[in-house]
Amino acid sequence: MDNSRYYLGFSRVNGIGPARLDRLIERCGSIEAAWHASAAELATAGLEPKLIAALAATRHSLDLDRELEHARRAGITLISREHPAYPAALRHIPSPPPLLYVRGTLADVDSWSVAVVGTRQPTTYGREAARPLAAGLAEAGITVVSGLALGIDAIAHTAALDAGGRTLAVLPCGANLVYPERHGALASRIATSGALISEFPPDTRPTPQLFPVRNRLISGLVRGVLVVEAGARSGALITVDYALEQGRDVFAVPGPIFSPRSEGTNRLIRDGAGLVTCAADILEALNLSVAASQQEVRTALPDDPTEAALLALVGYEPLHIDDLLHRTTIPIGEVSATLSVLELKGLVRQCAPMQYVLAH
């Protein structure tokens with residue numbers, strides 16, 4: 001059952017964020033039960049009187065069917081955490097967004113993604129560095145993620161598109177809006193070769209407090225974050241803070257020591273961020289050098305029952321091939337061959353000789 005309508009309903013209630021919603025679902029048994037819960041049940045679930053009143057008012061005034069139709073007419077797809085299309089990387093961050101609003105298409109290949117962010121007022125050096133880096137990532141089969149902002153963000157999106165790659169733009173507003181408005185044409189290109197993503201309901205206007213929330217989503221979607229150019233107080237550094245909390249790798253482009261717009265990136269490198277001069281630096285550090293070939297193999301080799309059976313046995317804890325053999329009746333030769341195929345597809349990897357874990 002698609003419960004997106006109820007997630008949409010809760011997204012319209014101010015004060016009920018991911019953490020509170022998780023507690024409600026746990027206590028009520030389901031998102032649908034939480035939406036229909038009585039005031040007494042909501043209080044038992046730990047919701048404060050003010051929020052109970054806000055939820056009651058929203059349920060009374062909100063027509064969920066009309067909201068769903070409004071999103072559909074805007075070309076927006078609703079993807080809840082229960083949906084198979086919900087990005088796997090995002091699912092594992094603390095308090096992941098309960099619902100994503102997507103204009104465009106999310107794809108399996110987006111699991112190979114890197115964020116490219118930076119200042120809204122880049123120097124010539126920053127612009128000239130951002131273009132080949134984003135293009136190089138896109139040409140290698142990496143999805144470039146950014147925030148559609150002026151400056152480095154827009155350069156990264158455009159370079160990825162011009163290179164024939166995919167790019168995702170995470171918005172600080174509803175997915176039916178564009179911010180800044182001057183990027184309307186760029187947003188349309190992104191929606192046809194990637195997606196515009198928001199965790200805010202349609203028609204939500206951008207406000208200062210929504211930008212850090214957007215940055216948390218950018219880092220949550222990717223394997224690593226590259227900062228091209230950023231001053232000491234750049235918003236890109238907020239994305240870095242979230243990336244570190246979420247266990248993502250951080251990279252930075254070194255800049256002139258006399259440039260204020262390189263102060264943030266140079267400090268990141270001093271504090272341990274990976275120094276980047278070309279896309280290959282990131283691909284090697286994240287073991288993404290074979291991303292394009294893995295994507296081709298994943299497409300070329302369809303899943304079969306043996307692949308599915310072995311994949312179901314592999315988890316995030318190392319599993320030796322001998323343990324796999326004990327848990328299945330598949331012949332050893334077929335197990336070895338199938339594991340090799342799954343490695344080529346980027347679904348499993350060897351963390352030690354003959355020991356396998358899920359790749360992501």
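The values are calculated or read from the model by the stated rules, or taken from the named source; none is laboratory data. Being a predicted model, the structure only gives us computed values, none of them experimental. Neighbour counts run over all protein chains shown; Cβ positions are idealised from the backbone, glycine included.
General remarks:
- Residue check, A89 out of contact with any Cys (no Cβ under 8 Å at 6 or more places or on another chain), under 18 Å from S219 (Cα atoms) and not assigned by TED's automatic domain parsing to the domain that holds G194: yes
- Residue count for segment 143-170, restricted to those that are in contact with a Leu (Cβ under 6 Å, 6 or more places away or on another chain) and either assigned to a loop (DSSP other than H, G, I, E, B) or of a type in the set (F, W, Y) (or both): 0
- For segment 42-64, the criterion of being within 16 Å of D2 (Cα to Cα), in contact (Cβ under 8 Å) with a residue 40 or more places away in the chain and in a helix (DSSP H, G or I) is satisfied by at least one residue.
Residues checked against (1) at pLDDT 95 or above; (2) surrounded by fewer than 15 Cβ atoms within 10 Å (Cβ to Cβ); (3) under 24 Å from the mean Cα position of the chain (by Cα):
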site	(1), (2), (3)
V240	yes, no, yes
E245	yes, yes, yes
S259	yes, no, no
C278	yes, yes, yes
A291	no, no, yes
Q294	no, no, yes
A300	no, yes, no
P305	no, yes, no
L311	no, no, yes
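- When T207 is tested against the conditions (1) touching a residue at least 40 places away in the same chain (Cβ under 8 Å); (2) of a type in the set (V, I, T); (3) surrounded by fewer than 23 Cβ atoms within 10 Å (Cβ to Cβ), the lone failure is (1).
- Filtered by the rule that a residue be of a type outside the set (A, V, I, L, M) and surrounded by 14 or more Cβ atoms within 10 Å (Cβ to Cβ), segment 337-349 gives T338, E343, K345, G346, R349.
- Selected residue (criterion: nearest to V102 (Cα to Cα)) from residues of segment 18-58 that are within 24 Å of the chain's Cα centre (by Cα) and crowded, with 16+ Cβ neighbours inside 10 Å: P18
- Elements of the type helices (runs of 4 or more DSSP H) sitting completely within segment 228-285 and holding at least 1 residues that are in contact with an Asp or Glu (Cβ under 7 Å, 6 or more places away or on another chain): these cover 263-270, 279-285.
So that you can scan it fast, the table gives a plain yes or no per residue for (1) at pLDDT 95 or above; (2) surrounded by 24 or more Cβ atoms within 10 Å (Cβ to Cβ); (3) more than 16 Å from the chain's Cα centre (by Cα); (4) assigned by TED's automatic domain parsing to the domain that holds R223:
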| position | (1), (2), (3), (4) |
| --- | --- |
| A134 | yes, yes, yes, yes |
| L148 | yes, yes, no, yes |
| L161 | yes, no, yes, yes |
| A175 | yes, yes, no, yes |
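- Residue, surrounded by the most Cβ atoms within 10 Å (Cβ to Cβ), within segment 1-17, restricted to residues that are in a loop (DSSP other than H, G, I, E, B) and among the aliphatic types (A, V, I, L, M): I16
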